Each structure stands twice: as structure tokens, then as C-alpha cells.
Amino acid sequence: QVQMVESGGGLVQPGGSLRLSCAAPGNIFSVNAMAWYRQLPGKERGLVAAITRGGNSTYADFVKGRFTISRDDAKNTVYLQMDSLKPEDTAVYYCNIVPFRVTCWGQGTQVTVSS
């Protein structure tokens with residue numbers, strides 16, 4: 001079983017920013033597109049943003065213009081810069097490959113947007 005290690009979550013006020021990080025095993029990171037997913041309370045986990053090995057990124061409509069995904073190949077790490085956060089962004093955020101692999105889910109990192 002291969003797990004990602006997510007970090008960077010926390011409590012932030014509406015309109016604030018957070019930067020999430022995800023460390024992945026090198027043999028996984030180097031050959032796969034990477035993505036951030038999130039799970040809202042009572043909902044299924046869904047795709048937020050993805051980035052290919054070449055650096056091309058795609059975003060869910062609900063985060064376009066607010067979130068930015070990036071990857072550092074030297075560190076086997078993928079990031080999610082989240083700006084202009086909204087209360088509806090409150091969720092547990094996970095990273096995984098694309099398409100996701102069940103054995104790669106980590107513990108996730110909680111993001112709470114509240115005043």
C-alpha cells in the first residue's frame with residue numbers, strides 16, 4: 001500500500017488563503033499525473049484539480065480562478081494554493097494519482113473556512 005502525506009490544512013476566515021502540500025513516493029510521483037480531491041461532509045470524494053507530468057493543469061469549475069495546483073518534481077511534492085476561500089470549501093482534502101488508486105489514499109488534511 002502506497003500512501004500520500006497531506007499537510008497544510010487548518011482554520012481560515014472567508015476570503016483567506018491556505019497552501020496544501022502532498023508528499024508522494026518517488027516511484028508514484030514521477031510517472032503519474034497528480035490531483036487534489038476533497039470530501040465535503042456527507043458527500044463523496046471529488047476531483048478539485050489535476051496536473052500532468054508536463055505541468056498542464058485542470059480545475060473543477062467551482063475552484064477555477066481561486067485555486068492553483070503545482071508540482072515540484074525534485075521534492076516529489078504537489079501543492080494546492082487556495083485563495084479567496086469560501087465556507088463551502090470546507091472539506092477534507094486528499095491527493096492521489098489520476099485516476100485515483102484506492103491504495104494511495106492518505107489521511108487527508110482538514111480545511112475549515114469559517115468566521
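Residues that are modelled with pLDDT under 95 and among the charged types (D, E, K, R) within the stretch 89-115 comprise just one, 101.
The set of residues in the stretch 44-97 that are more than 24 Å from residue 115 (Cβ to Cβ) and aromatic (Phe, Trp, Tyr) comprises 59, 79, 94. For the stretch 21-46, the candidate set comprises residues that are without any contact (Cβ under 8 Å) to a residue 40 or more places away in the chain and not in a loop (DSSP other than H, G, I, E, B); within that set, the residue that is surrounded by the most Cβ atoms within 10 Å (Cβ to Cβ) is 46.
Note on the stretch 48-59: among residues that are of a type in the set (Gly, Ala, Ser) and out of contact with any strand residue (DSSP E or B) (no Cβ under 6 Å at 6 or more places or on another chain), the one that is surrounded by the fewest Cβ atoms within 10 Å (Cβ to Cβ) is 54. Scanning the stretch 50-99 for residues that are more than 10 Å from the chain's Cα centre (by Cα), of a type outside the set (Lys, Arg) and farther than 14 Å from residue 22 by Cα yields a count of 22. When restricted to residues that are open to solvent by less than 60 Å² (accessible area, probe 1.4 Å), in contact (Cβ under 8 Å) with a residue 60 or more places away in the chain and part of a loop (DSSP other than H, G, I, E, B), the stretch 60-97 contains 2. Annotation: of all residues in the stretch 3-19 being closer than 10 Å to residue 79 by Cα and touching a Gly at 6+ places or on another chain (Cβ under 9 Å), the one that is least open to solvent (accessible area, probe 1.4 Å) is 6.
The values are calculated or read from the model by the stated rules, or taken from the named source; none is laboratory data. Since this is a predicted model, take the numbers as computed values, not measurements. Ideal geometry is used to build each Cβ from the backbone, glycine not excepted, and the neighbour counts take in all protein chains shown. Protein only, heavy atoms only, side chains kept; ligands, DNA and RNA dropped before computing areas. Shrake-Rupley method; radii C 1.70, N 1.55, O 1.52, S 1.80 Å.
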